[in-house]
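Bear in mind that the values in this text are calculations on the coordinates, not laboratory data. If you're wondering where the values come from, they're calculated on a predicted model, not measured in any experiment. Positions of Cβ are generated from backbone atoms using ideal geometry, with glycine treated the same way; all protein chains shown enter the neighbour counts.
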Amino acid sequence: MVETRSGSVLDHWLTQLVCPLDHAPLTRAADGTWQCTSCAFTAPLVTVNDRQVYDFRALNIPQTVQLEFCIPVQPLDRYEVVRTMFRAPAEATKQPPVNVAIKTKLDPGSQHYLRTLYEQHGPNLRILDLGCGSGDNRKFLNAIGFTNVIGVDWSAKGADILVDAHRLPFAAGTFDVVVSTAVFEHLYNPFLAMHNIARVSTPRAWFVGGASFWEAWHGSSYFHFTPDGWQTLLNQNGYQLQDLWTGWGVIPAALAHVFTPGHFRKFGYGLQRLVEGVFRLWGGDAGVRKLQLRASGAYIVFAARTQSNGVT
């Protein structure tokens with residue numbers, strides 16, 4: 001039996017869908033597909049894991065895109081990052097755990113900022129989970145109170161629709177928050193993808209996301225991000241970096257991806273904590289942060305489209 005993803009979750013967003021190529025309005029054809037009113041694009045129904053979802057990826061349709069890039073760029077000051085960033089992990093420990101069993105990809109720091117956004121702005125923020133995978137991020141977001149969440153992916157069982165992150169099929173200013181966990185290293189043009197995120201976001205929106213740094217080349221990963229990489233990517237698209245921290249240490253990343261793929265990850269976390277404990281004895285929290293800026297499996301960021309709109 002094939003399930004069609006046409007329930008209330010997707011129905012809520014139908015008015016925001018546009019052509020991913022030229023952003024023109026769409027019409028619903030007699031056969032149920034979506035068609036652009038100004039070009040030949042059609043979004044057919046495709047089967048993913050025994051479910052039918054609309055395919056907005058515009059497969060095999062070439063497109064030329066012009067982007068603006070301001071040069072030169074200003075790199076981060078390492079000492080300023082050590083002094084002002086890495087707030088999320090500490091703040092996350094002050095919040096009570098969510099009383100629900102959810103295997104979300106969101107790390108405690110990302111959960112902290114999303115819960116803070118909920119506390120400050122309420123349940124009606126419109127959230128895009130970009131690269132949603134199995135859909136567990138939405139379960140967490142629903143559990144803390146958010147109601148307007150749509151999950152999209154290139155091809156995953158939890159997606160409401162299939163998309164290409166480089167040409168999102170949503171109208172300008174649709175979303176207040178974009179969440180993207182362990183996705184950006186798999187995007188072949190991250191600047192184009194972030195440009196699209198900025199386009200579909202409101203002028204006062206937030207971005208919570210992370211990507212690999214010292215992880216191995218995996219699953220068609222194109223670019224692995226340093227803190228300067230995130231800073232440049234965000235600034236070039238109108239975002240201000242508010243916080244940056246490590247997703248997981250270089251030791252568990254190496255054990256999981258390089259030395260013993262798929263094994264001993266928990267042992268790696270323990271060894272990472274031991275190494276960081278030594279650095280903490282030697283140089284305090286600043287010493288640990290300096291270590292994490294030299295070598296980390298991944299970096300995670302929280303950014304706002306205006307400096308005054310950052311969560312404190």
Calculated from backbone phi, Karplus (6.51, -1.76, 1.60) coupling profile of the stretch 251-259 in Hz, x at Gly/Pro: 5, x, 5, 5, 5, 6, 10, 10, 6
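After finding the eigenvalues of the alpha carbon gyration tensor for the stretch 97-204, what semi-axes result from the square roots of 5 times each, listed largest first in whole Å?
Working: eigenvalues 93, 53, 29 Å².
Equivalent ellipsoid of the stretch 97-204: 22, 16, 12 Å, largest first.
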With only Lys, Arg, Asp and Glu charged, each at its Cβ (+1 for the first two, -1 for the last two), find how big the charge dipole of the chain is about the Cα centre; round to the nearest 20 debye. 700 debye
Tilt of helix 190-200 relative to the longest C-alpha principal axis of the chain, in degrees (0 to 90, nearest 10)? 60 degrees
What distance in nm separates the two pseudo spin-label positions at VAL73 and ASN124, each 7 Å out from Cα along the beta-carbon direction? 3.7 nm
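Where does each of 272-278, 247-253 land if you order them by average Cβ count within 10 Å, highest first? List each step's numbers first, then the result.
Working: 272-278: 14.9, 247-253: 22.3.
Final packing ranking: 247-253, 272-278.
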Crossing angle, helix 108-121 versus the chain [Cα axis fit, 0-90 degrees, rounded to tens]: 60 degrees
What are the ³J(HN,Hα) couplings of the stretch 153-166, residue after residue, when phi is run through the Karplus curve with 6.51, -1.76, 1.60 and θ = phi - 60°? Round to Hz, x for glycine and proline. 7, 5, 6, 8, 5, x, 6, 6, 9, 8, 9, 9, 4, 7
For the stretch 217-229, Karplus couplings with θ = phi - 60° (6.51, -1.76, 1.60), whole Hz, Gly/Pro x: 4, 8, x, 6, 7, 9, 10, 10, 9, 8, x, 5, x
Please work out the ratio of the alpha-carbon Rg of the stretch 174-269 to 2.2 N^0.38 Å and round it to two decimals. 1.18
Count charges around GLN63 for me, please; just the other residues with Cβ under 13 Å from its Cβ, Lys/Arg as +1, Asp/Glu as -1. 0
Cα axis of helix 265-294 to longest principal axis of the chain: angle in degrees, 0 to 90, nearest 10? 60 degrees
Using the Kirkwood formula over every pair of different C-alpha atoms, what hydrodynamic radius in Å results for the chain? 20.5 Å
Quick one: divide the alpha-carbon radius of gyration of the stretch 25-79 by 2.2 N^0.38 Å and tell me what you get. 1.91
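Dividing the alpha-carbon Rg of the stretch 231-289 by 2.2 N^0.38 Å yields what?
Values: Rg = 15.2 Å, N = 59, 2.2 N^0.38 = 10.4 Å.
Normalised by 2.2 N^0.38 Å, the Cα Rg of the stretch 231-289 equals 1.47.
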